[in-house]
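The block underneath contains the structure these notes are about, expressed in structure tokens.
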Amino acid sequence: MFHSYLRHYEKGWEYINKALLVEKENDLPHSSLRAMILHEMLCGKKENARELIEKYRDDPAIHTRAFEYLVRMIIARDDEEFFRAWSEYVSSPYTLLREEILYLFTDQIFRVDKGKLEEELNKWDSFYTSEMTKLSLLYVLLAKLRYYELIRNELKYNMTKLRLMKLIKQLGIEDDFREFLDEDLEPQVDNILTGYEIIETLEILRSLDQRVNLDEFLRIFSNIIISIFRTQSVFISVTDKRVNLSSTIDFLPQNKQTNIVKLDPLEVGISGSIDEYSEYIIYLAGNFSIKKESEVEEFWNKLTLLDELFSNQLKGIIYRERAMRDSLTGLYNRCRFTQILKEYLEEPQVKLKQKEISVFMADIDDFKKINDNYGHMKGDEVLRNVAKILQEEVEGFGIVARYGGEEFVGVLEAEKNKCLEVCENIRRRLEMASESIFGFRVTLSFGISSSLERSTITEILGLADQRLYKAKEMGKNRVCIE
């Protein structure tokens, strides 16, 4: 699809047509047919795309996932029909072809759903900017440029055009998008003002989902640093001792200091704190030097402001995380777990029973005896270590929370048998390691339920709880799934 996105019509068509012939000769699904229709659209040949759709209207290849929405928009006979296809697509769980659709149908979406168009453009601009997905961002900016032209906002039109020209130069595709290069603006592209880059950063941070987690925030911020300073190395680390929370982006090179300032070549380490419990480190390095007085001043202005933006945003995330976590174990609390489970269950595929979500409830066996025989401090040690094992084993599948007392709960994006496997691993690991960790045997009992068995939060948790009770009745230290 490289030729398609650069609008090389002949080369792209030749390549895709060969792929389609191979698929036909070998009786394979015609996935290249989708590429061919999109290629015609991106190269401005809508009638050709319509003819292909008509010719292959019964081919399953053009009636799959998000592509079917694209087909409906292409063949829509009027604005009303187009609006139905657009509104169904934008409210669907699919994000495939989002930038292409925004670019190809900017004018039509503007006519039928202007408010949603602006919302989608801003959302995907922020997303692709933070992800540094440049070709996708290119098509969002092309759509955004047309949008500002339609609403006659000259200031934002020119700002977007500057960004577009800068991106085109970075991608080295000036010859392919010559019509978007402006001779009057071109001298400014290589030296966009510091204030503009900071404004762009502020826009990204402002548009972040309020529920963004720490890992996601650090990843986005590391991309911002790379984008602004063109560094080859970025390391960011955050720890919060109050709820045992930590996150790190990349690796700090060996023997590198975290408090260092060198401009020839560039190597800067900054450490700071949110409060007495939370601290962070930012390290960046590049294989270039900053020597001119004006460049040094500009660098420090940018870095100081970015550090302030980072710490302010981080403070909000840390405080929110603390409110959602159990202070003893660092796991999510019951309230946050219920919110997350609700989000999982509201996914369209889960509602339609096309995707399975599994839930487990776990209880430390005879925990009261541990407190009575060894004291509450030892009981707290058991809770912390059990929580650590749970978190390590569940990572990559879902999340785990402390539900209350000695009870834990988890949700996995996996079928029930996979959840059984994970819970068995946890149970065996704790049973085998507990003597060496605590000096006495500690075991867990589990009950598992699934979204295929029940639909509401109350029903799913209730079923898992019933099975946990059954596991206790059957002798403890076991997992019950029926």
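The values are calculated or read from the model by the stated rules, or taken from the named source; none is laboratory data. Given the structure is predicted, the values throughout are model-derived calculations rather than measurements. Neighbour counts are summed over all protein chains in view; Cβ atoms, including those assigned to glycine, are modelled from backbone coordinates with ideal geometry.
Residue-by-condition table, conditions (1) within 18 Å of the chain's Cα centre (by Cα); (2) under 26 Å from F2 (Cα atoms); (3) not aromatic (F, W, Y):
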| residue | (1), (2), (3) |
| --- | --- |
| F67 | no, yes, no |
| E81 | no, no, yes |
| A85 | no, no, yes |
| Y89 | no, yes, no |
| L102 | no, yes, yes |
| G115 | no, no, yes |
| D125 | yes, yes, yes |
| E131 | yes, yes, yes |
| Y139 | no, yes, no |
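Residue-by-condition table, conditions (1) at pLDDT below 85; (2) touching a Phe, Trp or Tyr at 6+ places or on another chain (Cβ under 7 Å):
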position	(1), (2)
A66	yes, yes
A85	no, yes
L104	no, no
L137	no, yes
L145	no, yes
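Is it the case that the stretch 341-364 has a residue that's within 26 Å of E473 (Cα to Cα), in a helix (DSSP H, G or I) and either touching a residue at least 60 places away in the same chain (Cβ under 8 Å) or not acidic (D, E) (or both)?
Looking through the stretch 341-364, none of the residues is within 26 Å of E473 (Cα to Cα), in a helix (DSSP H, G or I) and either touching a residue at least 60 places away in the same chain (Cβ under 8 Å) or not acidic (D, E) (or both).
Which of the residues spanning the stretch 7-25 are touching a helix residue (DSSP H, G or I) at 6+ places or on another chain (Cβ under 6 Å) and within 14 Å of I37 (Cβ to Cβ)?
The answer is G12, I16, A19, L20.
Go through the stretch 164-176 and report how many residues are farther than 11 Å from L142 by Cβ and buried (at least 20 other Cβ atoms within 10 Å of the Cβ).
1
Name the residues in the stretch 1-27 that are part of a loop (DSSP other than H, G, I, E, B) and either in contact (Cβ under 8 Å) with a residue 24 or more places away in the chain or surrounded by 13 or more Cβ atoms within 10 Å (Cβ to Cβ) (or both), would you?
Result: M1, L6, R7, H8.
Can you name the residue in the stretch 452-471 that is modelled with pLDDT of 95 or more and buried (at least 17 other Cβ atoms within 10 Å of the Cβ) and, of all such residues, is farthest from the chain's Cα centre (by Cα)?
A471
Picking from E356, E347, which residue would you name as being assigned by TED's automatic domain parsing to the domain that holds E381 and crowded, with 18+ Cβ neighbours inside 10 Å?
Within the list E356, E347, the selection yields E356.
Among (1) touching a Cys at 6+ places or on another chain (Cβ under 7 Å); (2) part of a helix (DSSP H, G or I), which single condition is I448 missing?
Only one criterion is unmet by I448, namely (2).
How about the stretch 40-51: which of its residues are part of a helix (DSSP H, G or I) and surrounded by fewer than 19 Cβ atoms within 10 Å (Cβ to Cβ)?
If the condition is that a residue be part of a helix (DSSP H, G or I) and surrounded by fewer than 19 Cβ atoms within 10 Å (Cβ to Cβ), then K46, E47, N48, R50, E51 are the ones that fit.
Any idea which residue in the stretch 451-472 is farthest from D363 (Cα to Cα), counting only those that are assigned to a helix (DSSP H, G or I) and aliphatic (A, V, I, L, M)?
I457
Which ones in the stretch 389-415 are free of Cβ contacts under 8 Å to residues at least 40 places away in the same chain and surrounded by fewer than 15 Cβ atoms within 10 Å (Cβ to Cβ)?
If the condition is that a residue be free of Cβ contacts under 8 Å to residues at least 40 places away in the same chain and surrounded by fewer than 15 Cβ atoms within 10 Å (Cβ to Cβ), then E392, E395, G396, G405 are the ones that fit.
Residues in the stretch 416-441 that are buried (at least 21 other Cβ atoms within 10 Å of the Cβ) and more than 30 Å from E347 (Cβ to Cβ): how many?
Of the residues in the stretch 416-441, 1 are buried (at least 21 other Cβ atoms within 10 Å of the Cβ) and more than 30 Å from E347 (Cβ to Cβ).
All but one of (1) surrounded by fewer than 18 Cβ atoms within 10 Å (Cβ to Cβ); (2) closer than 18 Å to L145 by Cβ hold for E80; which doesn't?
All conditions are met except number (2).
Could you pull out the residue among E295, E267, E321 that is in contact (Cβ under 8 Å) with a residue 12 or more places away in the chain, acidic (D, E) and over 24 Å from L205 (Cβ atoms)?
Only one candidate qualifies: E267.
Inspect the stretch 240-263 for any residue being over 27 Å from the mean Cα position of the chain (by Cα), farther than 30 Å from G462 by Cα and among the aromatic types (F, W, Y) and give the result as yes or no.
No, because not a single residue in the stretch 240-263 is over 27 Å from the mean Cα position of the chain (by Cα), farther than 30 Å from G462 by Cα and among the aromatic types (F, W, Y).
Looking at the structure I just gave you, is I75 buried (at least 19 other Cβ atoms within 10 Å of the Cβ), in contact (Cβ under 8 Å) with a residue 12 or more places away in the chain and aliphatic (A, V, I, L, M)?
No: the conditions fail for I75.
Condition check: of a type in the set (K, R) and within 23 Å of E174 (Cα to Cα). Does K46 satisfy that?
no
Restricting the stretch 87-102 to residues that are in contact with a Phe, Trp or Tyr (Cβ under 8 Å, 6 or more places away or on another chain), free of Cβ contacts under 8 Å to residues at least 40 places away in the same chain and hydrophobic (A, V, I, L, M, F, W, C), which is surrounded by the most Cβ atoms within 10 Å (Cβ to Cβ)?
Per the criteria, the residue is I101.
May I ask you to list the residues in the stretch 258-297 that are part of a loop (DSSP other than H, G, I, E, B), surrounded by 12 or more Cβ atoms within 10 Å (Cβ to Cβ) and of a type outside the set (G, A, S)?
Within the stretch 258-297, T258, P265, I274, Y277, F288, I290 meet the criteria.
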